[in-house]
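The values are calculated or read from the model by the stated rules, or taken from the named source; none is laboratory data. Remember, predicted model here, so these are calculated numbers, not experimental data. Using ideal geometry, Cβ is built from the backbone for each residue, glycine included, and neighbour counts are taken over all protein chains shown.
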Amino acid sequence: MVHLPMAPIIRLNKKRGQIALMALILLLASATHLHAVGARSLWEDEGWTLLLSDGAGAAAIVQEMAYDQHPPLYFLIIGAWRDLGGESELALRFLSVAFSLLSVAALYQLGRQLFGPGVGVLAASLLAVWDFSIDAGQDARQYSLLVLLGILACLFYFRYWAAPTRWNGLGWFIASVAGLYTQYMLGVVLVFQLLHLLSFGGSRRLDLLIRWALICMAFLPWSGVFLRQNQVRWEDPIYYQSGLPNSAATFRLMRDALLSQQYALFAGLVLLGAVYWPPLWRTFRQGQGVLFLAGWALGYVALIIVLNEQREILRLRIFVLVLPPLLLLMARGLASLAPFPRLFLLGVLLVTQLGTVDTRQDNPPWRAVVQQVAQWHQPGDPVLMDIWVGDFSARYYVVKQMGPITPWLSIRELRSEARAMFLPELLGYLADHPGFWLLRWNDDPTDYEPLLAQQGYQRSASPYINHAGNRLYAHRYDRRPETRWPSSAHPWN
């Protein structure tokens, strides 16, 4: 009889158990992120994604992004994805779902690298159900990719710290550079990497510093564009009017997004994970990890608040990069408890997150608004949109529901381009149309109606849909009174 050593068998069983557990967590994450992923209409920023990624090839997209306020990587990726996956809401958002699922797996690896597999499993399970992460993961924007690259940049940084191999160094470089070309705020994470390596680098400080500098040098080709974008951002109101001020209401929104409405319990666990002293000071590596994560979370939030005093750049989505350090500290706090309270609190956290939607964004229902128009639309009648940047998503539904040949016009864009000739251009556009639709947000178009009346138009219907205390209107105008629909055909009169 052959006797096998027990230690390798135990390690193998533990490894298989961790793989099986992570497989279950990823299945849970798939369920939470794919559930109702196409239920909400595209909102204005998702419409902006469609606009910016619609170039004829990578060079055209990069050129378009140079005049926006974001770096180009995500838009290049989703531009290529649209050619493969199609244009449905599910297809457009599935890319973000995939990035979020990869983030769950990557967070497990980062937690394992810093504090051991138990903390990694707990952090991954929390991210799989965290409402703020799910909301960002169901959004056709760059935020779920930002989270993934932020986690990977730190994972490979600490892996290189522990084992300075070529592949770990290359992973740190690629993830960090890709993160900078995805969203500029990843630079904050790199700043805390710099502080960490300067504080604890010791004899390897120079090697780490050179590699960190190479990451920064890889961003230099885009740095001039970055500076110009930040000048343009404040010259054109369309880029900054959606920011949130530093106020008590804004800070409550931030708190609920990051810690949910059970913020007292979750903040307590984060604090416990940051200050629990026996395992913290037992190994120097864990102490460094805690300091790094605390600096990442607190420094990121503080910097956004300070910058927001000068320019209102604050939007909730940019705080999604704070979730990885918060959840890792929370997982470490859970891991410090005895088994029974740990499992009990983990169950409470999972049930709470699965049963609430504290931070789901209430997207404007442009799909339903355009559906109303499509029911009564006559071939050839144009659809006009005067809804600020919301026309990006509204035009998506006009084309999708009424066909690509349906004429449409963004009044916002026409006003910006034509300036003093805006009204003549608008009337010239309408001259050959006996009727048209006008989509507007919340207000009656009384500023248009005297001029339209001079051209023989009068409003014949104003269906609307309520949204967050506002009305999304679809006004119908006809030039000839006899072409108006009979009252029996008007459910809105």
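One residue stands out among those in region 305-333 that are at pLDDT below 95 and aliphatic (A, V, I, L, M): the one that is surrounded by the fewest Cβ atoms within 10 Å (Cβ to Cβ), which is Val306.
Being of a type outside the set (A, V, I, L, M), at pLDDT 85 or above and within 22 Å of the chain's Cα centre (by Cα) is the requirement here; does Trp296 meet it? When the stated conditions are applied, Trp296 passes them. One residue stands out among those in region 239-252 that are modelled with pLDDT under 90 and assigned to a loop (DSSP other than H, G, I, E, B): the one that is surrounded by the most Cβ atoms within 10 Å (Cβ to Cβ), which is Leu244. Filtered by the rule that a residue be among the small types (Gly, Ala, Ser) and surrounded by 15 or more Cβ atoms within 10 Å (Cβ to Cβ), region 188-200 gives no residues. From the list Glu64, Glu87, the one residue that fits, being surrounded by fewer than 17 Cβ atoms within 10 Å (Cβ to Cβ), among the charged types (D, E, K, R) and on the phi < 0 side of the Ramachandran plot, is Glu87.
In region 137-146 there is at least one residue that is part of a helix (DSSP H, G or I), in contact with a Leu (Cβ under 7 Å, 6 or more places away or on another chain), more than 21 Å from Gly273 (Cα to Cα) and modelled with pLDDT of 95 or more.
Going by the conditions given, is Phe319 assigned to a helix (DSSP H, G or I), in the same structural domain as Ser144 (by TED's automatic domain parsing) and free of Cβ contacts under 8 Å to residues at least 12 places away in the same chain? It would help to see each step written out before you state the result.
Details: assigned to a helix (DSSP H, G or I): yes; in the same structural domain as Ser144 (by TED's automatic domain parsing): yes; free of Cβ contacts under 8 Å to residues at least 12 places away in the same chain: no.
So Phe319 fails the test.
Considering only region 326-343, I want to know if a residue exists there that is touching an Asp or Glu at 6+ places or on another chain (Cβ under 9 Å) and in the same structural domain as Ala140 (by TED's automatic domain parsing). No, because not a single residue in region 326-343 is touching an Asp or Glu at 6+ places or on another chain (Cβ under 9 Å) and in the same structural domain as Ala140 (by TED's automatic domain parsing). The single residue among Leu291, Leu349 that is within 25 Å of the chain's Cα centre (by Cα), in a helix (DSSP H, G or I) and buried (at least 17 other Cβ atoms within 10 Å of the Cβ) turns out to be Leu349.
Rundown of residues vs (1) modelled with pLDDT under 85; (2) farther than 25 Å from Val399 by Cβ, yes/no style:
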{"site": "His433", "(1), (2)": "no, no"}
{"site": "Pro445", "(1), (2)": "yes, no"}
{"site": "Gln458", "(1), (2)": "no, yes"}
{"site": "Ser462", "(1), (2)": "no, no"}
{"site": "Asn470", "(1), (2)": "no, no"}
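Note on region 362-423: no enclosed helices (runs of 4 or more DSSP H) hold 1 or more residues that are surrounded by 15 or more Cβ atoms within 10 Å (Cβ to Cβ), of a type in the set (Gly, Ala, Ser) and in the same structural domain as Arg141 (by TED's automatic domain parsing). Could you say which residue among Ile210, Ile174 is surrounded by fewer than 17 Cβ atoms within 10 Å (Cβ to Cβ), closer than 22 Å to Val104 by Cβ, at pLDDT 95 or above and in the same structural domain as Ser88 (by TED's automatic domain parsing)? Being surrounded by fewer than 17 Cβ atoms within 10 Å (Cβ to Cβ), closer than 22 Å to Val104 by Cβ, at pLDDT 95 or above and in the same structural domain as Ser88 (by TED's automatic domain parsing) holds for just one of Ile210, Ile174, which is Ile174.
Please verify whether Asp131 is of a type in the set (D, E, K, R) and either without any contact (Cβ under 8 Å) to a residue 40 or more places away in the chain or surrounded by fewer than 18 Cβ atoms within 10 Å (Cβ to Cβ) (or both), treating the condition exactly as stated.
Here the answer is no, as Asp131 does not meet what is asked.
Please determine, by comparing only the residues of region 439-455 that are in a strand (DSSP E or B) and touching a helix residue (DSSP H, G or I) at 6+ places or on another chain (Cβ under 8 Å), which one is farthest from Gln378 (Cα to Cα). Break it down into steps so the answer makes sense when it comes.
Here is the first cut: in region 439-455, the ones in a strand (DSSP E or B) are 439-441.
Next, from what is left, pick out any that are touching a helix residue (DSSP H, G or I) at 6+ places or on another chain (Cβ under 8 Å): 439, 441.
Values: Leu439: 16, Trp441: 23 Å.
Step by step, filter region 439-455, then rank; the result is Trp441.
Inspection of region 51-58 identifies no residue that is farther than 20 Å from Leu101 by Cα, out of contact with any helix residue (DSSP H, G or I) (no Cβ under 6 Å at 6 or more places or on another chain) and buried (at least 17 other Cβ atoms within 10 Å of the Cβ).
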